[in-house]
Amino acid sequence: MDLPKAQRLVLSPDSIREFEGFGMAARADGYLVQPTTTEGINEAIALAKQTGRHLVPRGSGLSYGDASILAEGIVLDLGKMNRFISWDRETGIAECEPGVTIEQLWRTGLPNGWWPPVVSGTMFPTLGGALGMNIHGKNNFQVGTLGDNVDEIDLLTVDGQIQTLQQGDPLFRAVVSSAGMLGIITRIKVRLKKVPSGNVKVYAESIPNWQAQLDAFEKRAELADYMVSWVDCFGKGAASGRGLFHAAWYDKDADSESLLEMNQDLPPKVFGILPKSQVWRFLKPLNNRIGMRFLNLAKHTSSKFIGNRRMHKQGLVAFSFLLDYVPDWRKAYLPTGFIQYQTFIPKTEAARVFAQQIRLSQEAKLEPFLGVLKKHRPDSFLLSHAVDGYSLALDYKVTERNWSNLEALCHRMNDLVRASGGRFYLAKDSTLRPDDLDYLGPNLQVLRDLKNQLDPEHILDSDQARRLNLFPR
Amino acid sequence: MPKYRFAIVVGASSGIGREIARQLAQSGCRVAAVARRYDRLEELRQSFPDFIIPAEHSVTDYDAIPALFQDLTGKLGGLDLIVYASGAMPKVEENEFDFQKDRQMIEVNDLGAVAWLDQAAERFQNTKHGTIVGIGSVAGDRGRLKQPVYNASKAFLHTYLEALRNRLSRHGVKVVTVKPGPVQTEMTAGLDLPKAITAESAAAIILKKSARGGEHYLSPIHAVIFFIIRNIPSWIFRRLNV
């Protein structure tokens, strides 16, 4: 509908806000709409059509880059649609609105011994957003992605129709993973995992180099429930890839106390005195190459002596949600923020490609301040990011001066990934270019055909989709 | 000058406004250039086709402003700077009291400014970032015998911008008042201004000064002279021929 300019509705001027990605480097102003019902979503879609604007779905806004922002568009924040439609404590099946968070899910499930099947490093993503991105956890190699553990969703398309999609439907496997660009997920039926207690047994091992990293994962891939490894990206030459590997198993020793929320919640203070909400202020002066080289080295060195090759017990919350351990740690990256660069490389190429990525970063004097290695298994979602192999997630500080160099570095690393048959992940992407999308193969055309069928006017849009020219006009 | 990405310049067809729009476009900023004389804007657009979005508009068409403001911010893809550079200064004789001329000055210099900058202020208050620049004048520092309403209209603008600054600085928004002295523009073409600077250098100084909220004269000499002039007691000032 293209009304003459004078008749066009004006959007409410006091609804405009600045929105940012989790990395705070991507920002854009948009008009905030917070529906509480599906009718509210339909009204937002109608508003977009009447005002000639586009609409970006947003959950908690925890994608690192520009996936949930849209310059001068309408931002459809689904965080207020956060009710449970049903919860069965016998079967562990929850039916949720899209704004229900992973935090709500574990708080609801754990007292009865149920834990979300797949969790991210922070507990605050909404299920709608997490499913749009098809997030994975440290158990990806065992249980797949979140989408693999959801039985059913309701999809609201921009024509106002709601359809129910089952796990096996091709459209289910397209909607999950396509970042909200085909329609809005309005209901999610998710299966929680029965856990014997609220604890995990964690094995730690200090790792000297890349090959030892992958060996540690392969050795425990059969039996471990979770695996993750930290990488010190300042390690050079023979020490490249050094870090600290963790494998974890659900603790089978029944311990009903550990299922209680109050025994899972993290203490609000460090050393009993310093409020955690203030810890980022102490990190900020260290948030540069010298400080981070020192912190990484200190962590690696201590990993050789403290708890190396030993088991310890940890609460599921403390083990799973490492990003929540120090609240607001991201603020140490202000004012310009950071990007996370995570790429997925087939098993046989992983050690070589990751070593090259780190070497290129070091040569550019742009070492990531944090590196995290995980093991994955392939899946059949339309925009799947997983491979039979490994992913390395790297946090790069962004500054006004380094951005062009950082972007050039990422473009070179992207080329390495493409050449090795690797894949990318929209939730972490800030640097892909339209040509890089060939990693999707024929699935890209399938996505575009679905878009033209379900949203021919391209009402649903994002800064990321625009940057990637995901849906050419 | 600070790096701007998206700007609206109201009064971009001539003088300081046109120069500001031109220099912003040259720096890689997308600029919505607003003015009555569309052909002048079209010239500007032809010099910077990727950076200038021309918009024909009379600032006294107040009712059209909210929709136009939203339309332009949409076309720009954001907003981090608005410059209100429209100004009227018709020739007024020392013994003349012409309401039509006076009204025109108040409408263009004040009401138009309020209509546009209120839009920007509301937006920036919500987005928590942005810069508002108003072109005041040294003429607004005192009421003088040659230009009663021009003086008063600029004094209004200064006070209005000061109030905006007090409202918005707590939201991370900069409000900048610049007070140029004589500048060679069409508005001052009929006047004998030996010390006037070019619009080009005035615009460059203004953009540089926009990095810091507050009131700025364009030169340190003006700051001294007008500090003195502001503080001359009225019973002396009325006897002076300035």
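Exceedance of the 30 Å cut-off in Cα-Cα distance is limited, within the set A:Lys331/A:Lys451; A:Lys194/A:Lys284; A:Lys189/B:Lys75; A:Lys189/A:Lys374; A:Lys194/A:Lys313, to A:Lys331/A:Lys451; A:Lys194/A:Lys284; A:Lys189/B:Lys75.
Partner shielding of A:64-77 amounts to 1, given as the average count of beta-carbon atoms from other chains within 10 Å of each residue beta-carbon.
In Å², rounded to the nearest 100, what is the total accessible surface buried by chains A and B against each other with a 1.4 Å probe? Interface between A and B: roughly 1200 Å². Ranking of A:Tyr64, B:Tyr62 by solvent-accessible surface, largest first: B:Tyr62, A:Tyr64 (1.4 Å probe, protein heavy atoms only, all chains present). In the range B:6-237, what % of DSSP beta bridges are antiparallel (nearest 5)? Counting DSSP beta bridges with both partners in the range B:6-237, the antiparallel share is about 0 percent. For chain A, the longest principal axis of the alpha carbon atoms and the long axis of helix A:289-305 meet at an angle near 50°. Round to the nearest 10 and give me the degree value, 0 to 90, for the angle of helix A:347-363's Cα axis relative to the longest principal axis of chain A. For A:347-363 against chain A, the angle is about 90 degrees.
Full extension of the chain between A:Gln50 and A:Arg289 gives 81.1 nm of extra length, using 0.36 nm per residue less the Cα-Cα distance. The label point for B:Arg230 and the one for A:Ala419, both projected 7 Å from the Cα toward the Cβ, are 6.4 nm apart. For the residues A:Met262, A:Met227, a 1.4 Å probe over the protein chains yields an accessible-area ranking, largest first, of A:Met262, A:Met227.
Compared with its chain on its own, the range B:123-137 contains the following residues whose accessible area drops by 30 Å² or more in the full protein assembly (probe 1.4 Å; ligands, DNA and RNA excluded): B:Arg123, B:Asn126, B:Thr127, B:His129. Most tightly packed first, judged by the mean number of other beta-carbon atoms within 10 Å of their residues, the peptides A:364-370, B:177-183 read B:177-183, A:364-370. For the range B:86-154, applying the loop criterion from DSSP together with a ceiling of 14 other beta carbons within 10 Å to the trypsin sites (Lys or Arg not before Pro) yields B:Lys91, B:Lys128, B:Lys146.
Taking the helices alone, chain B has a mean residue ellipticity at 222 nm of -13000 deg cm²/dmol, built from -39,500 (n - 2.57) per DSSP H run of at least 4 residues and averaged over all its residues. The share of accessible area on the range A:80-194 that comes from carbon and sulfur is 49 percent, using a 1.4 angstrom probe. Taking label positions 7 Å along the Cα-Cβ direction at both A:Asp435 and A:Asn469, the computed distance is 1.1 nm, reported to one decimal.
In chain A, the DSSP-assigned H stretches of four residues or longer account for a calculated mean residue ellipticity at 222 nm of -8000 deg cm²/dmol, using -39500 (n - 2.57) per stretch and the full residue count as denominator.
Remark: the Cα gyration tensor places the range A:20-136 in the oblate category, a/c being 1.5 or greater and a/b not exceeding b/c.
Once the C-beta distance of A:Asp265 and B:Lys208 is scaled by a Förster radius of 51 Å, the resulting FRET efficiency is 0.50 to the nearest 0.05. For chain A, relative contact order (Cα pairs under 8 Å, six or more residues apart, normalised by length) works out to 17 percent. With the simple model of a label 7 Å out from the Cα in the direction of the Cβ, B:Ser169 to B:Arg37 spans 3.7 nm.
Membrane-span-like helices in chain B: DSSP H runs reaching 20 Å or more (Cα, own axis), mean Kyte hydropathy at least -1.0? Span-like helices here: B:112-127, B:148-168. By DSSP, the beta bridges lying fully in chain A are antiparallel in about 90 percent of cases. Once the C-beta distance of A:Leu223 and A:Gln356 is scaled by a Förster radius of 35 Å, the resulting FRET efficiency is 0.65 to the nearest 0.05.
Across q = 0.16, 0.27 Å⁻¹, the range A:409-467 modelled as identical point scatterers on its alpha-carbon atoms has Debye log10 I(q)/I(0) values of -0.58, -1.24, in the order of the q list.
Measuring between their Cα centroids, the range A:39-90 and the range B:1-44 lie 35 Å from each other. Rounded to the nearest 0.05, the FRET efficiency derived from the C-beta distance between B:Ser47 and B:Glu186 at R0 = 25 Å is 0.85. Annotation: per residue accessible area for the protein assembly as shown equals 43 Å², rounded to a whole number [probe 1.4 Å, protein chains only].
Along chain B, the exposed loop sites are GluC sites (Glu not before Pro) outside DSSP states H, G, I, E and B with at most 11 other Cβ atoms within 10 Å, and the longest stretch free of them is B:1-92.
A run of chain A free of exposed loop cleavage sites, with GluC sites (Glu not before Pro) counted only in DSSP states other than H, G, I, E and B and at most 16 other beta carbons within 10 Å, reaches its longest extent at A:223-399.
The values are calculated or read from the model by the stated rules, or taken from the named source; none is laboratory data. Predicted, not measured: the structure shown is a model, and the values here were computed from it. We place every Cβ from the backbone using ideal geometry, glycine too, and count neighbours over all the protein chains shown. Surface areas here come from the heavy atoms of the whole protein model, side chains and all, with no ligands, DNA or RNA. Shrake-Rupley method; radii C 1.70, N 1.55, O 1.52, S 1.80 Å.
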